[in-house]
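Asker: Provided herewith is a single structure, encoded as structure tokens, for subsequent inquiry.
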Amino acid sequence: MSSEQESFGNGVQSASVETDGLREWPFKIRTAILRSGPVTGPFERIKNRESILASVQAGLGLGWMVLFLFAPLLYIVTLSFWQRGAGGVIIQQFSLSNYEYILTQNVDIATLTFDNLYLTILRQSLKYGLFVTLGALALGYVPAYFLGRTVSKWKAAFLLLVVLPFWVPLIIRYYAWILVLGNKGLLVSMLGWVGIESGGFLYSDLAVISGLTQALLPFMILPIYNSVNEIDDSLIESAKTMGATPLRTFYEVTLPLTLPGISAGVILVFILSVGSYMAPALLGSPSNTMVANLIETTFGQNFDWPLASAMGVVYLLVLFTLISVFNRFVGLDDVIGGGAE
């Protein structure tokens, strides 16, 4: 190659480099402008405002919990250690007598004899809660599974039927059970048609458990439905492809994947049923009193606020203990995180 050709090539290359450099200048200028203080300043302020807003929101949420949850609870705990004086006056003097009264009165550990009113009613409340939870699980799993697996165009309508009872006041639903279970109610009339005479089923364990089960059934169906709805269809199809029968597929694939929903439903229904007030008040007799009714009577009729507070604290501790035991076997983190991966 001649020197003239070589110099010409170098000239072309340098001209190309200069052209590329000129092309990069607009990008460099734009980058410098975008990184300048006047441009980035507003974005930094927006980011800082978002951080401040998040802190304010967290503070408001924490303040709300302190004001409306922890402060009343702390007051109830404090009140439980005080005493009721003459005429319902509260004596602000620390004492364990309220707890001694509700936990040790008429209790003989040596002979395992428990004739304590509060403990008897608390045990009855836990028994009702257990029966209601088992009944809601037995009645709610199948419709929840159907809703979670169906692809019908009526799925939304079926879900609406599940949540529809929430639109009806609870007291009306319990009064409806009075019309069904009364001595001239629907159930007695239907039994009469087949020759079975009955005086009605009101003011009994059956009435209280039936009313609570029907009222709390959606709280069992919806969590299970959510778990079933999140199951990956490929898992079920893979199990069937490998030769598993429908029953075995359900037992080894579907049921384990719905355990978070079952656990959530069990916790919700059990807590709400044990603490029920209206069902035993409307559907039960004095022998069907539950712990909420006893606390209300002690608080509102006997005006013994410290004793009622102690009853409430013991009730909360019992529930907390049961939930802690449940957590040991199930794991509430799985319940909260629930659903299939």
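Asker: Please report the net charge: other residues with Cβ closer than 13 Å to the Cβ of S97, K and R +1, D and E -1.
Answerer: Charge balance in the 13 Å sphere: -1.
Asker: Starting from the 7 Å offset along Cα-to-Cβ, what nm value, one decimal, do you get for the label separation of E252 and L67?
Answerer: Distance between label points: 5.6 nm.
Asker: Enumerate the calculated ³J(HN,Hα) couplings along segment 193-209 in order (Karplus 6.51 cos²θ - 1.76 cosθ + 1.60, θ = phi - 60°), each rounded to whole Hz, writing x wherever the residue is Gly or Pro.
Answerer: 5, 9, x, 9, 8, 8, x, x, 10, 6, 6, 8, 4, 4, 5, 5, 5
Asker: Grab the Cα-Cα distance for S204 and L187, subtract it from 0.36 nm times how many residues apart they are, and report the gain in nm with one decimal.
Answerer: 4.7 nm
Asker: Once both labels are modelled 7 Å past Cα along the beta-carbon direction, what's the V89-A176 spacing in nm?
Answerer: For the pair V89/A176, the computed spacing is 5.1 nm.
Asker: Shifting gears a bit: What do you get when you divide the Cα radius of gyration of segment 208-258 by 2.2 N^0.38 Å, with N the number of residues?
Answerer: It is 1.51.
Asker: Now for a different question. What order do you get for 171-181, 148-158 when each peptide is scored by the mean count of other beta carbon atoms within 10 Å, highest first?
Answerer: 171-181, 148-158
Asker: In Å², what does the accessible area per residue of segment 162-296 work out to with a 1.4 Å probe?
Answerer: Ligands and nucleic acids excluded, the result is 51 Å² per residue.
Asker: In a shell of Cβ-Cβ distance under 13 Å around F303, excluding F303 itself, what net charge do Lys and Arg (+1) and Asp and Glu (-1) give?
Answerer: Here the count lands on -1.
Asker: From the P(r) of segment 240-289, can you give the percent of Cα pairs sitting at distances over 15 Å?
Answerer: When all Cα pairs of segment 240-289 are counted, 64 percent exceed 15 Å.
Asker: Compactness ratio of segment 222-323: Cα Rg over 2.2 N^0.38 Å, N = residue count?
Answerer: The reported ratio for this selection is 1.68.
Asker: Accessible surface of Y99 in the full protein assembly, 1.4 angstrom probe, to the nearest 10 Å²?
Answerer: Probe radius 1.4 Å; accessible area of Y99 about 30 Å².
Asker: As an exercise, use a Förster radius of 35 Å and the Cβ-Cβ distance of S152 and I323 to find the FRET efficiency, rounded to the nearest 0.05.
Answerer: Taking R0 as 35 Å, the efficiency between S152 and I323 is 0.45.
The values are calculated or read from the model by the stated rules, or taken from the named source; none is laboratory data. Everything quoted here is computed from the prediction, not taken from an experiment. As a convention, Cβ positions derive from the backbone with ideal geometry for all residues, glycine included, and neighbour counts pool all protein chains shown. Surface areas here come from the heavy atoms of the whole protein model, side chains and all, with no ligands, DNA or RNA. Shrake-Rupley method; radii C 1.70, N 1.55, O 1.52, S 1.80 Å.
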